[in-house]
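Peer 1: A single structure is presented below for examination.
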């Protein structure tokens, strides 16, 4: 099964000039979603994993299923002011603006190996911020798995240049 066949492309969303890769068409198909989760699990075997972290919100869809199936704790990396306890925060640039993500300060133990899962990587700003959240918590980034890599936007290359291990299931151009 080619997962690429289950991704819808929407021009000029969320703003003009952006070609949005929509994963809702993949997750609404039970066979494609199951195959996607199985592929993530298979690739996760290449990483040392104590906990799985995911970036709000679409990363939660994939990471929670993987976490459940491989029996690893799941940590939420959320948008600003969405977590009730003490947090670490990181501001970062998106392809189409700026944002902040946070994690509870007690989410990671020192030297935990954290696999970060997200639906898509574009320029890498969100992923880099996620890695910083893990590292300021004194845990280690084991690596990243993305469902989609927009390869010509350079995010995966940016992470690789930072010496992170990166896997992706589907590669699309970003434009």
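Just so you know, all these numbers are worked out from the coordinates, no wet-lab data involved. Only a predicted model underlies this, so the values are computations on that prediction, with no experimental measurement involved. Here the Cβ is made from the backbone with ideal geometry for all residues, glycine too, and neighbour counts use every protein chain on show.
Peer 1: If I take every Cα pair under 8 Å that is 6 or more residues apart in segment 47-172, average their sequence separation and divide by the length, what percent do I get for the relative contact order?
Peer 2: Normalised by residue count, the contact order of segment 47-172 is 24 percent.
Peer 1: Here is a further query. Write down the Å³ per residue value for the convex hull defined by the alpha carbon atoms of segment 47-172.
Peer 2: Dividing the Cα hull volume of segment 47-172 by its residue count gives 95 Å³.
Peer 1: Another question about this same structure. Based on the alpha-carbon gyration tensor of segment 76-130 and its eigenvalue square roots a ≥ b ≥ c, which shape applies: rounded if a/c is under 1.5, prolate if not and a/b is larger than b/c, or oblate?
Peer 2: oblate
Peer 1: Rounded to the nearest 0.05, what FRET efficiency is calculated for residue 157 and residue 94 with R0 set to 22 Å and r the Cβ-Cβ distance?
Peer 2: Result of the calculation: an efficiency of 0.80.
Peer 1: Does segment 1-57 come out rounded, prolate or oblate, given a ≥ b ≥ c as the square roots of the eigenvalues of its C-alpha gyration tensor, rounded meaning a/c under 1.5 and, failing that, prolate meaning a/b above b/c?
Peer 2: Oblate.
Peer 1: If you don't mind, another one. Rounded, prolate or oblate: which fits segment 102-175, taking a ≥ b ≥ c as square roots of the Cα gyration tensor eigenvalues, rounded meaning a/c under 1.5, else prolate when a/b beats b/c?
Peer 2: Note, shape of segment 102-175 comes out prolate.
Peer 1: State the antiparallel share, in %, of DSSP beta bridges confined to the chain, rounding to the nearest 5.
Peer 2: Around 40 percent of the beta bridges assigned by DSSP in the chain are antiparallel ones.
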